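These notes are about the structure you will find just below.
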Amino acid sequence: MRVSRLFTKTLKQAPADEVSRNAQLLIRAGYVYKEMAGAYAYLPLGIRVVEKIKQIVREEMNAIGSNELIMTTLQRREVWEKTHRWDESTVDIWFKTHLQDKTEVGLAWSHEEPIVEMLKHYVQSYKDLPISLYQFQTKMRNELRAKSGIMRGREFIMKDMYSFHTTKEDLDTYYEQVIEAYKRVYERLGVGDDTYVTFASGGAFTKFSHEFQTITDAGEDVIYLHREKNIAVNEEVIDDAVKELGISRDELEKVKTAESGNIFNFGTQKTDEMGLYYTDKDGKRQSLWIGSYGIGVTRMMGVIAEKMSDDKGLVWPVNIAPYTAYLVSIGENGAKAADELYDKLTSEGIEVLYDDRDERPGAKFADAELLGIPYRVTVSDRLVEAGQVELQTRKTGEQTTLATDELLAKLH
Ligand code: ATP
Ligand code: MG
């Protein structure tokens, strides 16, 4: 992609009303556009990051046998009434609207009930189970406060997955597989070392559910950590957990975190509430065991922007960077050589953002840093003469000059 064709422009200042660091940086660099508090558009650069995060999640969910689908944003009132969750005294974040004939409908804040309802059409016998389904879907939540940039949207992308089993043991086994798959996701996103499987409240049939909490000062949660024993507890359940796990509160370190993901064992409660059953080998009607597993895709992008940035801008890990290299041309011969290098790199499958603008080198360098592209490659008149290019690593600032074939080897 040529920078001259990008419609976005970098900004020196973030909009005055944007208080969160992740959104300030992402708006300045042209990744997102703020429509209103809690609602952000994803621009060409931003969508590339979102898609890369989704792809990592997709690969790991496929690897544990889950099937991708997309449910609808419009939802039926009667489906949610079965579990008393249409009621705003139970769920206070609903966006609701109505059809022309006055039928009330809801905008999806979750798909737990609709997916269970849908499965009544597909699950009859034990032979149909187990099933695991997931989607990347835009969730609508009328959150009271939306001051954390893309980390708390009123409209945001979630990966939600649901699994259906004939026995508790089968659900428990799958639940453990999901924990391992999630660990691989956070590892690949570059936050594995800072993300903890955390005991949280609200498990059905089990005392706790689990959250994946990533350490960041921008987070809205607080957890208690035992780094040596690798135990983390959400402050909501700290008293219970301390008792249960046999640890003392004094041993725990208090840290600020963001909830990156969340997994939940519903037991058979939803099945019974919603009337989804299967028949076993003896033809007897049985309840299903259900698990629910979320990852905040756009929240992760915000968390990573917060954690991986410095005073010059964003610092994306290579795995989710919109482009691997930012190519800068300086001078007339430099521009010619950069054109050729751009063609060569892209034909080899390297993702390059090519700053072909007629701008001062300093301005191009500053944009490369603000955008946080992992490698900056500079081609100048002087370097062309020496048959070399300059490579700078965004994260460390390390700089070397090298020949084109060495550059290719490095970027592959
Ligand atoms: P929170 O406590 O932060 O409101 P939640 O408990 O409501 O989260 P879930 O309903 O379990 O979250 O959603 C699954 C995942 O979706 C969360 O772990 C989080 O990563 C993400 N998520 C939840 N709410 C938002 C939001 N408003 N904006 C962006 N991501 C969100
Ligand atoms: Mg919430």
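Key figures
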{"read-out": "Between region 182-204 and region 81-100, the Cα center-to-center distance that results, in Å", "value": "30 Å"}
{"read-out": "Region 325-411 - percent of accessible surface contributed by carbon and sulfur, probe 1.4 Å", "value": "44 percent"}
{"read-out": "Equivalent ellipsoid, region 335-391 (semi-axes from 5 times Cα gyration tensor eigenvalues, Å)", "value": "17, 16, 10"}
{"read-out": "Three principal axis lengths of region 98-233 [C-alpha, angstrom, descending]", "value": "55, 41, 28"}
{"read-out": "DSSP-defined antiparallel bridges as percent of all bridges, region 325-411, nearest 5", "value": "45 percent"}
{"read-out": "Gaussian network model of the chain, Cα within-10 Å springs - most flexible of Ala108, Ala16, Ala218", "value": "Ala16"}
{"read-out": "Selected from Ile263, Ile56, Ile150 as most flexible by GNM, with the chain as the system and alpha-carbon contacts under 10 Å", "value": "Ile56"}
{"read-out": "Surface share of carbon and sulfur [accessible, 1.4 angstrom probe, percent] for region 7-310", "value": "48 percent"}
{"read-out": "Euclidean distance of C-alpha centroids, region 318-342 and region 287-310, integer Å", "value": "33 Å"}
{"read-out": "P(r) histogram, all alpha-carbon pairs of the chain included - 10 Å bins from 0, percent", "value": "4, 19, 26, 23, 15, 8, 3, 0, 0"}
{"read-out": "Karplus-derived 3J(HN,Hα), 6.51/-1.76/1.60, for each residue of region 230-235, Hz, glycine and proline x", "value": "6, 10, 10, 9, 5, 4"}
{"read-out": "Fraction of beta bridges assigned by DSSP in the chain that are antiparallel (%, nearest 5)", "value": "80 percent"}
{"read-out": "Among the listed pairs Lys120/Lys284; Lys9/Lys52; Lys96/Lys147; Lys52/Lys96; Lys34/Lys139, those beyond 28 Å (Cα-Cα)", "value": "Lys52/Lys96"}
{"read-out": "Using θ = phi - 60° and Karplus 6.51 cos²θ - 1.76 cosθ + 1.60, couplings along region 372-382 (whole Hz; Gly, Pro as x)", "value": "x, 6, x, 10, 10, 10, 10, 10, 10, 3, 4"}
{"read-out": "Rel. contact order, % - alpha carbon contacts under 8 angstrom, at least six apart, region 192-236", "value": "39 percent"}
{"read-out": "Gaussian network model of the chain, Cα within-10 Å springs - most flexible of Lys336, Lys270, Lys281", "value": "Lys281"}
{"read-out": "MRE, 222 nm, helices only [DSSP H, n ≥ 4, -39500 (n - 2.57), over the chain, to nearest 500]", "value": "-9000 deg cm²/dmol"}
{"read-out": "1.4 Å probe accessible area per residue over region 1-135, in Å²", "value": "54 Å²"}
{"read-out": "Where Rh is the Kirkwood radius over Cα pairs, Rg/Rh for region 1-70", "value": "1.10"}
{"read-out": "The chain, relative contact order in percent, only Cα pairs under 8 angstrom and at least six apart counted", "value": "16 percent"}
{"read-out": "Convex hull per residue volume in Å³, alpha carbons only, for region 214-326", "value": "204 Å³"}
{"read-out": "Rg over Rh, two decimals, region 111-169 (C-alpha only, Kirkwood Rh)", "value": "1.14"}
{"read-out": "FRET efficiency, 1/(1 + (r/R0)^6) with R0 51 Å, evaluated for Leu402 and Met71 via beta carbons", "value": "0.55"}
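The values are calculated or read from the model by the stated rules, or taken from the named source; none is laboratory data. All figures in this text were calculated on a predicted structure; none of them were measured in a lab. Backbone-built Cβ (ideal geometry, glycine too); neighbour counts: all protein chains shown. Quick note on the areas: whole protein, heavy atoms, side chains included, nothing else; ligands and nucleic acids left out. Shrake-Rupley method; radii C 1.70, N 1.55, O 1.52, S 1.80 Å.
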